[in-house]
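Quick notes on the structure that follows.
The values are calculated or read from the model by the stated rules, or taken from the named source; none is laboratory data. In this text the structure is predicted, and so the values were computed from the model without any measurement. As a convention, Cβ positions derive from the backbone with ideal geometry for all residues, glycine included, and neighbour counts pool all protein chains shown. Calculation scope for accessible area: heavy atoms of the full protein, side chains included, ligands and nucleic acids excluded. Shrake-Rupley method; radii C 1.70, N 1.55, O 1.52, S 1.80 Å.
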Protein chains: 2
Amino acid sequence: MRPPASIPVPRRPGRPANQPGNDHRDRLLDAATALFARQGAAATSLTQIARAVELTPAMVHYYFRTRDQLLDAVVDERIGPLIERVTGPALDNGAEAQGAVEMIVGLARRMLQTAEQAPWFPPLWIREIVSDGGLLRERMLQRFALPRGQVIVTRIAAAQARGEINPALEPRMVFVSVLALTLLPLATASIWRRLPEPGHLDTDALARHVSALLTSGLGTPPTERDSS
Amino acid sequence: MRPPASIPVPRRPGRPANQPGNDHRDRLLDAATALFARQGAAATSLTQIARAVELTPAMVHYYFRTRDQLLDAVVDERIGPLIERVTGPALDNGAEAQGAVEMIVGLARRMLQTAEQAPWFPPLWIREIVSDGGLLRERMLQRFALPRGQVIVTRIAAAQARGEINPALEPRMVFVSVLALTLLPLATASIWRRLPEPGHLDTDALARHVSALLTSGLGTPPTERDSS
């Protein structure tokens, strides 16, 4: 495929690099991500993506070749770095030293902070990962969610064996509960803000709520702690 | 509109009654609900609904007249009774007597039990209520979620004032957290069952996990309880 006129050829197509041409590629990727979050990947045409940033559909084809490669790029270059910011500090070598409850509360806090900076993520997560038939689900699971989830689940089970985490909890469900408690409220903020209660409910308020619920909810109940 | 031949005219169109014709109406409503859950309401044609139960599109028109009336019927006659089973026991007059933590844990347990008997509900909830643009969202909010949510939020705030519930929690978010902790894991069961951990994870295991997390997570922390 020949590049459209006036677009410099990137040295490594499909890879970000600090070249002028990649500004177009980045803008197309941002537009695709935003449109997928707003209306779903299946309902988004390459023409719509190009139009959103005033480029031509030929440019989308040039930078991403196929629809599948565009979906790969959204997962690897937009969702991937976000997952790394959230889970990295919990999975680093030094992270073993921190308590398991702190590790999980930290995951929840970073998920909320990160999603506040990337407001497209919660709706994209609902549409394309949580919903059956979501076009990003399998990519997300294979590349990020299952491998990282496994490490976190193993660490939670070990913390239960040490008596750090309530043994009545299911290690797999702890990880799912953290995602549910953070991403679902963000994706539905426009709904629950209509519940009449005094006081503005922002992400900080949500972070305090989730931290309080998880800190008390995950720890070993006092009776079991006393008898150990 | 004239009824299709051989279908008895229901005395009150649009209302269920024990008449032979309502068997067709019920089957159409079940088929519509199942298809909306599986592929979304926007992607489901009246012809598909009719075909699913081997009836004609004319029957769908006869019983429901417009697409909006069909959506109303799904909300009022399929989702409504389910919401009543889940929230009714928490909102009854006698329910004030039970502790607030038990009230909330009871909501979570009944949500899990009810959704197990109506496996179409969690995916329908994700697609048509949680997702932006979901076609059942506004109907659900106006008829069930906001009025009932308000009563539950008020009750949680009162329980916090009495020292029964951790004051660090946000009353509005408690209600959202219960929905998140129950419906999201059910809607994504096919995903997290792939996390390798010994032991089958069924709805009972999920119920034990959620009860344990909420029972410890909602109660007033021991230090605050001691000093009161």
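The residues of the range A:127-141 that are within 17 Å of residue A:73 (Cα to Cα) and of a type outside the set (A, V, I, L, M), listed by number, are A:128, A:134, A:137, A:138, A:139. Screening residue B:133 against (1) in a loop (DSSP other than H, G, I, E, B); (2) more than 12 Å from chain A (Cβ to nearest Cβ) leaves a single unmet condition, (2).
When residue B:151 is tested against (1) touching a Leu at 6+ places or on another chain (Cβ under 6 Å); (2) away from chain A (no Cβ under 14 Å); (3) open to solvent by 50 Å² or more (accessible area, probe 1.4 Å), only condition (2) is not met. Restricting the range A:181-191 to residues that are within 8 Å of another protein chain (Cβ to nearest Cβ) and among the aliphatic types (A, V, I, L, M) leaves a set whose member that is nearest to residue A:104 (Cα to Cα) is A:181.
Looking across the range B:158-180, the residues that are more than 7 Å from chain A (Cβ to nearest Cβ) and either touching a strand residue (DSSP E or B) at 6+ places or on another chain (Cβ under 8 Å) or part of a loop (DSSP other than H, G, I, E, B) (or both) come down to B:159, B:162, B:163, B:164, B:165, B:167, B:174.
Restricted to the range A:89-118, and to residues there that are without any contact (Cβ under 8 Å) to a residue 24 or more places away in the chain and closer than 21 Å to residue A:203 by Cα, the residue that is surrounded by the most Cβ atoms within 10 Å (Cβ to Cβ) is A:106.
Could you check residue B:189 against (1) aliphatic (A, V, I, L, M); (2) under 25 Å from residue A:168 (Cα atoms); (3) surrounded by 20 or more Cβ atoms within 10 Å (Cβ to Cβ) and say which number it fails? The single condition residue B:189 does not satisfy is (3). For residue A:145, the stated conditions do not hold, so it cannot be described as at pLDDT below 95, farther than 25 Å from residue A:201 by Cα and open to solvent by less than 10 Å² (accessible area, probe 1.4 Å).
For the range B:192-210, a tally of residues being facing another protein chain (nearest Cβ under 8 Å) and either more than 25 Å from residue A:137 (Cβ to Cβ) or open to solvent by 40 Å² or more (accessible area, probe 1.4 Å) (or both) returns 4.
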